[in-house]
Every structure is written in structure tokens, then in C-alpha cells.
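Since the structure comes first, as C-alpha cells, the remarks are kept for the end.
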Amino acid sequence: MTELKEEIKGMSKFFHWLFNPYTEGYSSIALIRLFAGLTFIGEGILKYIFPSMGVMRFTLLGFPLPEFTAYSVGLLEIVGGICLLLGLFNNLFALLFAGEMVVAFLTTKITMYLGTSPLPLPPVPPQSGFLGSCA
């Protein structure tokens, strides 16, 4: 019985952490939320406006139900970005976005590095900066 109480107490702490944002800390946290929120909102909108950034991209990558996947990921990014800007459910959306970024990295960047990506390469490789100095 005590194990069950401890498990319930642990789940209660987790849900409290998940749904209640951290309100103390540096003021730079607001800047991070601002930039991350605006980035996710912009990327979510692009999935609806440009098919090459949404449905076509998910189709080329081999995702099941690419239309549903593109629009649901776009919706997650728009709603999650707005919530980050407003400071609502920050921890929940941080976990969702972390999962999304892991999937994005595994499906696009590794194949691009190996040269097996089904996505078109950028029209011009970088000419300056870190990537430009590697070539």
C-alpha cells in the first residue's frame, strides 16, 4: 500500500512540474521563450503555406499519412509556440518539441550527412562561416 502511495505522490509531482511553469529565475528565460516561440510559430505556418515545407517534405521522408502528419505537426508548432510566448504549459511543450526535434534530426540530418537524403540540397552551399570553412 505504501508503494502505491509513493507512486501516486511521484506522479503528482510530475504532473505539477509538467503543467506549472517555473516562475523564478533569470529574466533571459523570457527572451529564450520569445525566440523559441516565434521560431516554432513561423515554422508551423510555413507547413500550411508552402507544400514543399509540409506535405511534400513528409511524403519524401516516407512518413505515414504525410498530409495528416504535416498538418498536425504544424498545428503543434503554432499552438505550442503561442503557449511558449504566453508562458502556458512550458514544460509540456518543451517535452513535445524535444521529441519533435529528435525525430526531425533523425529523419533529415543524418541522411543528409550520409548523402542518402531524399530531400533536395540547398541551391548554393555555404560560402562563409563554420560550414563554409570546412569545404
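Details
- Residues that are surrounded by 14 or more Cβ atoms within 10 Å (Cβ to Cβ) and either outside any helix (DSSP H, G or I) or touching an Asp or Glu at 6+ places or on another chain (Cβ under 8 Å) (or both) within the stretch 101-119 comprise SER117, LEU119, listed in sequence order.
- Here GLY54 clears all of (1) modelled with pLDDT of 90 or more; (2) within 30 Å of PRO120 (Cβ to Cβ); (3) out of contact with any Pro (no Cβ under 8 Å at 6 or more places or on another chain) except the condition numbered (1).
- Qualifying residue in the stretch 36-48 (condition: in contact with a Leu (Cβ under 7 Å, 6 or more places away or on another chain), hydroxyl-bearing (Ser, Thr, Tyr) and farther than 30 Å from HIS16 by Cβ): no
- Of all residue pairs spaced 6 or more apart or on separate chains, those with beta-carbon atoms under 9 Å, a first member in the stretch 35-54 that is free of Cβ contacts under 8 Å to residues at least 12 places away in the same chain and over 15 Å from ALA104 (Cβ atoms) and a second member that is of a type in the set (Lys, Arg) and surrounded by 13 or more Cβ atoms within 10 Å (Cβ to Cβ) are PRO51/ARG57.
- Scanning the stretch 44-92 for residues that are of a type in the set (A, V, I, L, M) and out of contact with any helix residue (DSSP H, G or I) (no Cβ under 6 Å at 6 or more places or on another chain) returns ILE45, ILE49, MET56, LEU60, LEU65, VAL73, LEU75, LEU76, VAL79, ILE82, LEU86, LEU88.
- Within the stretch 54-90, being loosely packed, with under 15 Cβ neighbours inside 10 Å and of a type outside the set (A, V, I, L, M, F, W, C) holds for GLY62, PRO64, GLU67, SER72, GLY87.
- Those helices (runs of 4 or more DSSP H) lying entirely in the stretch 1-70 with at least 2 residues within 24 Å of SER117 (Cα to Cα): 28-49, 55-60
The values are calculated or read from the model by the stated rules, or taken from the named source; none is laboratory data. What you see is a predicted model; the values in this text were computed from it and never measured. Cβ coordinates were reconstructed from backbone atoms using ideal geometry, including for glycine residues, and neighbour counts include every protein chain displayed.
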